[in-house]
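Asks: Before anything else, here's the structure in question.
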Amino acid sequence: MSQHINSILYHGTAEKILKIDVSKGRSNKDFGRGFYMAVSKSQAIGMMHKKYKESIIRRPNAPKGQFEEILYEIKIDVDYSKDLNIKIFKQADTEWLDFILKCREQKDFSHDYDLVIGPTADDDTMVCLNSYWRGFYGEVGSQEAKAKLLGYLEPENLGIQYYVGKQEVADRLILEIKQISWD
């Protein structure tokens, strides 16, 4: 079965990227520690603004000018991607939810996928996830609790993200990363 892989993706950040380093990603993210890219330019711009604000708040004593809002356009090697172990979540369903719950609740959870593509559960969803883990939606792990959690996450409004967690894959998959204007 042939899978459609976007050849152009976007990444918004608060610091310049000289070389992609998947180990710099934070743990407990949707698909694990790694490098994330958005299909939508507007989604990447939103993440860029959010990361910039977080950087200023988290590191108030950083040198002036260390942080800036930067948007990158990323060119993907679609031919190389055909050789990868890819997991695609077509929608935010129970399978997707179980996967992100494992990745977010188990520090440095790892899986064998070279590339994961699926809906984004951004940091704003942590309120819903924490409510789920505390049992506010029903017994943790039950289908009822997961159904309520999925409803609160508003899956129809989630953007699509690409994730790479292995450095050797990132080095070959990402052909070019260039800063572009976002305004």
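For (1) closer than 19 Å to HIS11 by Cβ; (2) out of contact with any strand residue (DSSP E or B) (no Cβ under 6 Å at 6 or more places or on another chain); (3) not in a helix (DSSP H, G or I), each residue gets a yes or a no:
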| residue | (1), (2), (3) |
| --- | --- |
| PHE99 | no, yes, no |
| GLY118 | yes, yes, yes |
| GLU139 | no, yes, yes |
| ALA145 | no, yes, no |
| LEU150 | no, yes, no |
| ARG172 | yes, yes, no |
| ASP183 | yes, yes, yes |
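Asks: Has the stretch 85-104 got at least one residue that is within 27 Å of LEU18 (Cα to Cα) and without any contact (Cβ under 8 Å) to a residue 60 or more places away in the chain?
Replies: yes
Asks: So which pairs qualify, if the first residue must be in the stretch 130-153 and over 15 Å from ASP93 (Cβ atoms), the second must be among the β-branched types (Val, Ile, Thr), the Cβ gap must be under 7 Å, and the two must be at least 6 apart or on different chains?
Replies: TYR132/VAL140; TRP133/VAL140
Asks: Residue by residue through the stretch 26-39, note down the ones that are in contact (Cβ under 8 Å) with a residue 40 or more places away in the chain, over 13 Å from ILE117 (Cβ atoms) and surrounded by fewer than 23 Cβ atoms within 10 Å (Cβ to Cβ).
Replies: Within the stretch 26-39, SER27, ASN28, LYS29, ARG33 qualify.
Asks: Listed residues LEU97, LEU158, LEU175, LEU115; which is modelled with pLDDT of 95 or more and more than 14 Å from TYR36 (Cα to Cα)?
Replies: Being modelled with pLDDT of 95 or more and more than 14 Å from TYR36 (Cα to Cα) holds for just one of LEU97, LEU158, LEU175, LEU115, which is LEU175.
Asks: Which condition number in (1) assigned to a helix (DSSP H, G or I); (2) closer than 24 Å to ILE180 by Cβ; (3) at pLDDT 90 or above; (4) open to solvent by 40 Å² or more (accessible area, probe 1.4 Å) is the one that LYS51 fails?
Replies: Tallying (1) assigned to a helix (DSSP H, G or I); (2) closer than 24 Å to ILE180 by Cβ; (3) at pLDDT 90 or above; (4) open to solvent by 40 Å² or more (accessible area, probe 1.4 Å), LYS51 fails exactly one: (3).
Asks: Going by the conditions given, is ILE8 touching a Phe, Trp or Tyr at 6+ places or on another chain (Cβ under 7 Å), open to solvent by 20 Å² or more (accessible area, probe 1.4 Å) and either of a type in the set (Val, Ile, Thr) or touching a residue at least 24 places away in the same chain (Cβ under 8 Å) (or both)?
Replies: no
Asks: Restricting to the stretch 58-85, name every residue that is open to solvent by less than 70 Å² (accessible area, probe 1.4 Å), farther than 22 Å from GLN43 by Cα and not polar (S, T, N, Q).
Replies: ALA62, GLY65, TYR80, LEU84
The values are calculated or read from the model by the stated rules, or taken from the named source; none is laboratory data. Every value quoted in this text rests on a predicted model; they were computed, and no experiment measured them. Please note: Cβ atoms are built from the backbone with ideal geometry, for glycine as well, and neighbour counts cover all protein chains shown. Each accessible area value is taken on the protein alone, full model and side chains, heavy atoms only, with ligands, DNA and RNA left out. Shrake-Rupley method; radii C 1.70, N 1.55, O 1.52, S 1.80 Å.
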